[in-house]
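Visitor: Have a look at this one before I ask anything.
Only the coordinates and a few stated rules stand behind these numbers; no lab work does. Because the structure is predicted, anything quoted here is derived from the model rather than measured. Quick reminder, even Gly has a Cβ in these numbers, built from the backbone with ideal geometry, and neighbours come from all protein chains shown.
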Amino acid sequence: NPDTGEPERAFSRIIPGPGDAMKKPATSSRPKKIPAKKKGSPPATEKTPDIAFPIIGIGASAGGLEAFEQFFRAMPADSGMAFVLVPHLDPDHASMLSEILQRNTTMPVLEVRDQTPVSPDHVYIIPPNRDMAIFHGVLQLSTAERTHGQRLPIDSFFRSLAEDQGERSVCVILSGSGSDGTLGLRAINGAGGVSFVQEPSTAKYDGMPTSAIQSGLATYVLPVDRIPEKLVSYTRTIAHTRLPPPHPVPAITSAMKRIMMILRSKTGNDFSLYKHSTIRRRIDRRMMVHNLEDMDAYARYLHETPAEVDILFKELLINVTSFFRDPEVFTALIREVLPRLFENKPENHVFRVWVPGCSSGEEAYSLAILF
């Protein structure tokens with residue numbers, strides 16, 4: 001119920017997901033209310049402290065129930081992680097997914113209410129017919145917008161997670177049809193986080209996993225029952241990894257130079273003038289993937305593993321974009337620039353447009369929509 005915040009209580013089923021249509025995440029114009037403190041629950045406040053535990057976003061569509069059950073049967077109940085589930089649910093019925101999954105784990109499984117603070121060793125599930133985002137570790141719900149295109153709730157939440165958690169963000173894509181989750185995975189990757197994708201041959205519906213893998217950005221591809229073990233290993237590595245010092249010590253500088261030389265030798269690209277902190281974050285991310293804590297060891301691994309050179313090269317060139325990115329630029333374009341360019345032009349005038357640096361199409365399509 002959007003007025004009371006209470007979830008509807010009726011049967012719901014997981015339905016096949018949407019196709020490739022894109023939609024801007026829904027926002028609610030209704031002011032958010034801070035709920036009163038409830039017994040046994042942490043208080044929700046306007047200012048939330050930094051989250052010190054991993055928050056794992058998990059998306060699934062058709063076949064997702066079976067994948068969720070396999071995942072939580074293999075996941076320890078004391079991993080210290082929080083899990084936020086975004087399945088495609090029937091919008092016209094309330095969900096019984098929390099009750100079903102509670103049989104597979106001793107962690108509390110909760111259907112999200114607006115302004116729910118995330119806690120470790122808990123499982124949170126989006127309610128039907130809602131869009132969800134996360135801000136400072138607190139889950140925000142809004143009424144789903146009715147549009148002509150398909151809703152992409154997984155993409156929407158993953159993007160929000162990437163913005164909120166940055167390089168600590170983690171997403172998991174399980175069974176489902178369509179491509180929901182792929183653009184969100186791109187945002188997670190661009191923020192320096194990692195992704196886990198179910199091996200398509202083990203998924204009941206392989207559309208979503210295959211789309212994620214074809215993006216070239218999936219960090220791990222595993223059968224669903226093996227993802228928890230790797231996820232625990234990865235988050236433990238994060239817990240023991242410290243942020244790089246502002247001024248690298250000579251040993252790190254030497255290893256960094258060797259990595260730059262390997263990249264230049266194998267790819268023909270010189271990254272030495274790239275922003276140092278960005279390169280360091282990308283290298284740190286690859287080191288965590290391989291459970292390496294020493295940059296010299298990673299430089300040796302890079303030298304011995306040509307495939308890793310290609311992966312690191314792609315990591316350094318990750319693009320993060322979206323439709324109508326930098327809205328003020330598009331507003332100025334349509335109000336100030338285009339009217340002057342169109343002024344006094346004959347009806348059959350040919351008008352050409354170039355988009356510099358367009359890697360995945362969003363910029364070109366945004367201009368086409370604008371025209």
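Visitor: Full extension from R236 to K266: what is 0.36 nm times the residue separation minus their Cα-Cα distance, to one decimal in nm?
Guide: 7.6 nm
Visitor: While we're here: Which of the peptides 151-158, 77-84, 321-328 is most tightly packed, and how do the rest follow, judged by the mean count of other Cβ atoms within 10 Å per residue?
Guide: For the peptides 151-158, 77-84, 321-328, the packing ranking is 151-158, 77-84, 321-328.
Visitor: Got a sec to turn the phi values of region 52-58 into Karplus ³J(HN,Hα) couplings, 6.51 cos²θ - 1.76 cosθ + 1.60 with θ = phi - 60°, whole Hz, x for Gly and Pro?
Guide: Computed from phi, the couplings for region 52-58 are 9, 10, x, 10, 9, x, 10 Hz.
Visitor: Tell me whether region 321-369 comes out rounded, prolate or oblate; compute the Cα gyration tensor, take square roots of the eigenvalues as a ≥ b ≥ c, and use a/c under 1.5 as the rounded threshold.
Guide: oblate
Visitor: Which of the three applies to region 177-225, rounded, prolate or oblate, going by the alpha-carbon gyration tensor with a ≥ b ≥ c and a/c under 1.5 meaning rounded?
Guide: Cα axes put region 177-225 in the oblate bin.
Visitor: Still on this structure: Could you give me the ³J(HN,Hα) list for region 273-283, computed from phi with Karplus coefficients 6.51, -1.76, 1.60 and θ = phi - 60°, whole Hz, x at Gly and Pro?
Guide: Karplus-based 3J(HN,Hα) across region 273-283 equals 9, 5, 4, 4, 5, 5, 4, 5, 5, 5, 5 Hz.
Visitor: Amide H to amide H under 5 Å from H122: which residues, 5+ apart in sequence or cross-chain, H placed 1.01 Å off N in plane?
Guide: Long-range HN contacts for H122: F83.
Visitor: As a quick test, which of the pairs K230/K266; K275/K314; K230/K314 have an alpha carbon distance above 25 angstrom in this structure?
Guide: K230/K266
Visitor: On to the next question. So who's got an amide H within less than 5 Å of the one on G63, skipping anything under 5 residues away but keeping other chains? H placed 1.01 Å off N, in plane.
Guide: none
Visitor: Quick one: what are the phi-derived ³J(HN,Hα) couplings along region 150-161, Karplus 6.51/-1.76/1.60 with θ = phi - 60°, whole Hz, x for glycine and proline?
Guide: Running phi through 6.51 cos²θ - 1.76 cosθ + 1.60 with θ = phi - 60° gives 7, 6, 10, x, 5, 4, 4, 5, 4, 4, 4, 4 Hz.
Visitor: Now a separate question. Pull out a ≥ b ≥ c, the square roots of the eigenvalues of the alpha-carbon gyration tensor of region 269-371, then state rounded if a/c is under 1.5, prolate if not and a/b is larger than b/c, and oblate in the remaining case.
Guide: Taking the square roots of the gyration eigenvalues as a ≥ b ≥ c, region 269-371 is prolate.
Visitor: Something else now. Taking the alpha-carbon centroid of each part, what is the distance from region 115-190 to region 300-371 in angstrom?
Guide: 25 Å
Visitor: Using modelled amide H (1.01 Å from N, peptide plane; none on Pro or chain starts), what sits under 5 Å from the amide H of F324, excluding residues fewer than 5 places away?
Guide: S366
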